[in-house]
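Here's the structure we're looking at; comments come further down.
The values are calculated or read from the model by the stated rules, or taken from the named source; none is laboratory data. Owing to the predicted nature of the structure, the values given are computational and were not obtained by experimental measurement. Every residue, glycine among them, receives a Cβ derived from its backbone with ideal geometry; neighbour counts consider all protein chains shown.
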Amino acid sequence: MIDWTLFVAFVAFAFTSAFTPGPNNFMLMSSGALFGFKRTIPHVMGVAIGFNFVMLAALLGMGVVIETFPWLLTFVKIAGAVWLAWLGVKFFKAAFAHKQDKAPSPEEKSEKNTRSRPFKFYEAVLFQWVNPKALIMALAAAGAYVGISSDFKLRTLLICGTFLIMGVSSASTWAVAGSALNRLMSQGRSAVVLNIIMGLLLFATAAMILTAHTGSTGDFSLE
């Protein structure tokens with residue numbers, strides 16, 4: 001009932017796509033750095049659960065809808081890129097604010113940042129629907145691993161369950177990595193440099209999304 005060889009290949013695919021850099025992981029690392037891991041937990045869970053909603057939609061036939069209305073994918077690419085660019089601008093503004101105040105405390109840092117709070121759970125869930133990487137990887141998995149099981153319910157359980165485990169693990173890892181940078185982010189010159197780096201990474205990701213060929217799923221990673 002289960003093609004274990006294909007399932008093992010899928011697990012490797014899910015692990016690689018979940019842990020590689022991308023919009024979600026950059027944002028999780030940034031949130032961990034700016035607000036700490038504890039305050040980033042809703043964002044972590046929103047990413048993992050939100051992607052599974054997208055994955056479920058793909059398994060239920062979302063690909064057919066996109067094939068019928070291909071402009072939807074273009075719209076998602078543009079919306080996602082604009083969102084990321086907007087976040088990048090916020091990091092540049094935060095870097096400029098740091099130049100005005102020398103070595104603020106972590107609490108002051110959070111208050112003065114132009115984004116004064118981490119993502120809420122529902123915001124992280126909704127972001128998955130304008131994240132081109134998440135959408136395209138969900139469509140790729142739904143098509144490439146349909147042979148895992150002929151039973152739709154079992155196949156859905158295996159695919160979504162695996163992505164949930166990988167998603168929580170990856171999101172937590174990136175958030176913890178960002179949290180380790182929290183002290184640096186709250187110190188004068190280091191804070192300026194790190195905020196600029198985060199802004200550049202988001203701009204680079206937005207540019208990659210806009211220039212990627214939507215017909216090739218190999219151009220994208222899940223997170």
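For the reader, a short list of remarks on this structure follows.
- Scanning segment 41-55 for residues that are at pLDDT 95 or above and β-branched (Val, Ile, Thr) yields Ile41, Val44, Val47, Ile49.
- Applying the criterion of at least 3 residues that are polar (S, T, N, Q) to the helices (runs of 4 or more DSSP H) found wholly in segment 1-84 leaves 4-19, 23-35.
- Checking every residue in segment 62-85 against the condition of being closer than 24 Å to Val176 by Cα, crowded, with 20+ Cβ neighbours inside 10 Å, in contact with a Leu (Cβ under 7 Å, 6 or more places away or on another chain) and not polar (S, T, N, Q) gives at least one match.
- Of the residues screened, Asn25 is one that is surrounded by 23 or more Cβ atoms within 10 Å (Cβ to Cβ), under 17 Å from Phe127 (Cα atoms) and of a type in the set (S, T, N, Q).
- For segment 131-140, the tally of residues that are more than 14 Å from Val65 (Cβ to Cβ) and surrounded by fewer than 24 Cβ atoms within 10 Å (Cβ to Cβ) stands at 1.
- Within segment 3-20, considering residues that are surrounded by 14 or more Cβ atoms within 10 Å (Cβ to Cβ) and among the hydroxyl-bearing types (Ser, Thr, Tyr), the one farthest from Ser149 (Cα to Cα): Thr20
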